[in-house]
Amino acid sequence: MSTTLLNNPAPAFDAPRDAGGKIMLVGLGRAAVSHHLETFGVEPKKLRMRTNQIWNWIYHWGVRDFSEMKNIAKPLREKLAAHFSLARPEIIERQVSVDGTRKYLIRMGPGIEVESVFIPDVSKTGALCVSSQVGCTLTCKFCHTGTQKLVRNLTPREIVLQVVAALDDLGEWPSGKENRKLTNIVFMGMGEPLYNTDYVGDALDTICSDDGLMIGRRRITVSTSGVVPEIVPLGERTSAMLAISLHAANDELREQIMPINRKYPLAALKEACLNYPGLSNARRITFEYVMLKGVNDSNKHAKQLIRFLEGIPAKVNLIPFNPWPGSPYECSDWERIEDFADIVNRAGYAAPIRTPRGRDILAACGQLKSESEKMRASERRKLEGERGG
Ligand code: SAH
Ligand code: SF4
């Protein structure tokens, strides 16, 4: 099966317009907001101040109407409202799991639908799992997203809008308030973030801004399947925490389940990890390891994992495999996962077993796949049925 990575879409300054032709500001970065205000006619000596005011209203206060921007004079507010829109993207589907997990399907534009998942935690933190691409060009055998054909990078705006939409739904404005539900962001939704490092970096500048969405850079985790040349640049650009989808610690097996290992084998991956900026015992790398029955879950595999981790400040996340329709694997038995965790623990690494969340709404890791793709699949099935009958 072949997938196509479409070119990076719209340059960052190209803000889409709403049906009435107004430029849509929400989701844009600071330079883009400033650019559009300048084009609109804000005088150069007031440009920085106006940009900061509007930025703060959008990203700290979450306002949806220019009339709420009280520190801007009414005549200017009216002119701004005639030229710009503060519209949010459309949440076309919102599902809430029995465990409180919320899955959003957001329409960014015609045919571009993106999933993100909010995962509340018992410890008063909550993570929003965001997508960096529609689909994924890498075809990891255990991952549903990798079976989707249409792939394109999301723009910084489309990444930021996932966070804005979740804050809207959770009632979290103004940003940064006490007891907030959404405290962390993980790039573990659809796509490979390190095939979109620039736009992920731009999006994080907005998501982490102190006078905006106010999510600290240490509360951001970017997960990669191991795009080696982008690992160090990611850390330099974003100061985000790093997670590596390891899943096997010998090259032969990793190649089988993650084709990217042919291009970037384990030795190169380890080298890049050791050079990750800011790496220390306080800032460890998380290694994700999906438990596949009879494939990567033996004691021997656990020992290979320990050998690979030697010298890296690391913690391990053991992920029970989440099946999806037609998936070629089964999840390891619970006792096997526990024995595996014990071995890794005894070697001095924290190895929590991640409880699957939102399984009932197909919101768990590796189960995301856009609705448009599902529709096409169902249409295909219908067609095939018709031909067959
Ligand atoms: N492309 C990036 C980020 C998205 S995947 C990456 O691969 O790291 C997020 C995590 O879910 C990865 O660790 C991935 O390996 C894991 N995953 C994918 N499919 C899964 C499945 N069916 N069950 C459990 N985890 C899965
Ligand atoms: Fe892509 Fe990550 Fe899924 Fe692999 S696990 S196919 S890299 S989304």
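Quick check on packing: order 167-176, 191-200 by the mean number of other C-beta atoms within 10 Å, highest mean leading.
Ranking, from highest mean packing down: 191-200, 167-176.
Which whole-number percent is the relative contact order of the stretch 23-85 (Cα, under 8 Å, 6+ apart)?
This gives 38 percent for the stretch 23-85.
Going by average Cβ neighbours within 10 Å, how do the peptides 118-125, 100-107 rank, with the highest at the top?
Answer by packing, highest mean first, reads 100-107, 118-125.
Please compute the length gained on full extension between Ser239 and Asp210, using 0.36 nm multiplied by the number of residues separating them and subtracting their Cα-Cα distance.
Full extension from Ser239 to Asp210 adds 8.9 nm.
For the stretch 305-356, state which trypsin sites (Lys or Arg not before Pro) are in a DSSP loop and have at most 14 other beta carbons lying within 10 Å of their beta carbon.
Sites meeting the loop and neighbour criteria: none at all.
Return Leu292, Leu274, Leu279 ranked ascending by Cβ neighbour count within 10 Å, so the fewest neighbours appear first.
Neighbour counts put them in this order, fewest first: Leu274, Leu279, Leu292.
Can you spot the lysines whose alpha carbon is less than 19 Å from Lys293's alpha carbon? Ignore those fewer than 8 places along the same chain.
Cross-link targets: Lys141, Lys303.
What aspartates and glutamates could a cross-link reach from Lys45, if we take a straight Cα to Cα line under 18 Å and drop same-chain neighbours fewer than 8 places away?
Correct list for Lys45: empty, as no aspartates and glutamates qualify.
With r defined as the distance between the Cβ atoms of Gln95 and Arg262 and R0 fixed at 35 Å, what FRET efficiency is calculated, to the nearest 0.05?
0.45
Would you mind counting up the charge near Asp360? Only other residues with Cβ under 15 Å from its Cβ, with Lys and Arg at +1 and Asp and Glu at -1.
+3
Check cross-link reach from Lys300 to the lysines: straight Cα distance under 20 Å, and skip same-chain residues fewer than eight apart.
Reachable lysines: Lys270, Lys315.
Give me log10 I(q)/I(0) at q = 0.06, 0.14 Å⁻¹ for the chain, Debye formula, one equal scatterer per alpha-carbon, no solvent.
Log10 of I(q)/I(0), two decimals: -0.25, -1.23.
Quick one: if the Förster radius is 41 Å, what FRET efficiency do Leu170 and Asp251 give, using the C-beta to C-beta distance and rounding to 0.05?
0.45
So for the stretch 23-85, considering every pair of alpha-carbon atoms, how many percent are separated by more than 19 Å?
Tail fraction, whole percent: 17.
With label points built 7 Å along Cα→Cβ from the Cα atoms of Arg64 and Glu78, find their separation and express it in nm.
That separation, rounded to one decimal, is 2.4 nm.
Per-residue ellipticity at 222 nm for the chain, helices alone: DSSP H runs ≥ 4 residues times -39500 (n - 2.57), over residue total, nearest 500 deg cm²/dmol?
Calculated mean residue ellipticity at 222 nm is -10500 deg cm²/dmol.
Calculate one ³J(HN,Hα) per residue across the stretch 194-203 by plugging θ = phi - 60° into the Karplus curve 6.51 cos²θ - 1.76 cosθ + 1.60, and present them in order as whole Hz with x for glycine and proline.
Coupling constants for the stretch 194-203: 7, 8, 9, 4, 4, 6, 4, x, 4, 4 Hz.
Of Ala31, Gly20, Ile54, whose Cα points farthest to the positive end of the dipole of the chain (charges on the beta-carbon: +1 Lys, Arg; -1 Asp, Glu; origin at the Cα centre)?
Highest projection toward the positive end goes to Ile54.
For the chain, what proportion of DSSP beta bridges, expressed in % and rounded to the nearest 5, is antiparallel?
Taking every DSSP beta bridge with both residues in the chain, the antiparallel ones total about 45 percent.
In percent, what relative contact order does the chain have, based on Cα pairs under 8 Å that are 6 or more apart in sequence?
Answer for the chain is 16 percent.
Determine, for Ser209, Ser280, the number of other Cβ atoms within 10 Å of each Cβ, and report the residues in order from fewest to most.
Fewest to most other Cβ atoms nearby, the residues stand as Ser280, Ser209.
With only Lys, Arg, Asp and Glu charged, each at its Cβ (+1 for the first two, -1 for the last two), find how big the charge dipole of the chain is about the Cα centre; round to the nearest 20 debye.
540
Please list the non-local residues whose amide H lies under 5 Å from the amide H of Lys315, H modeled 1.01 Å from N, same-chain partners needing a gap of 5 or more.
Ile285, Thr286, Phe287
Can you order the peptides 67-74, 23-30 by their average number of other Cβ atoms within 10 Å per residue, highest first?
23-30, 67-74
Where does helix 334-346 land angle-wise versus the long Cα axis of the chain, in degrees 0 to 90, nearest 10?
90
Among Ala249, Ala166, Ala268, which one shows the highest mean-square fluctuation when the chain is modelled as a Gaussian network with alpha-carbon springs under 10 Å?
Judging by the Gaussian network model, the answer is Ala268.
For the stretch 174-260, state which GluC sites (Glu not before Pro) are in a DSSP loop and have at most 14 other beta carbons lying within 10 Å of their beta carbon.
Glu178
All of the numbers you see were taken from the coordinates with simple rules; none came from a lab. Every value quoted in this text rests on a predicted model; they were computed, and no experiment measured them. Counting neighbours? That spans all protein chains shown, and the Cβs are built from the backbone with ideal geometry, glycine included.
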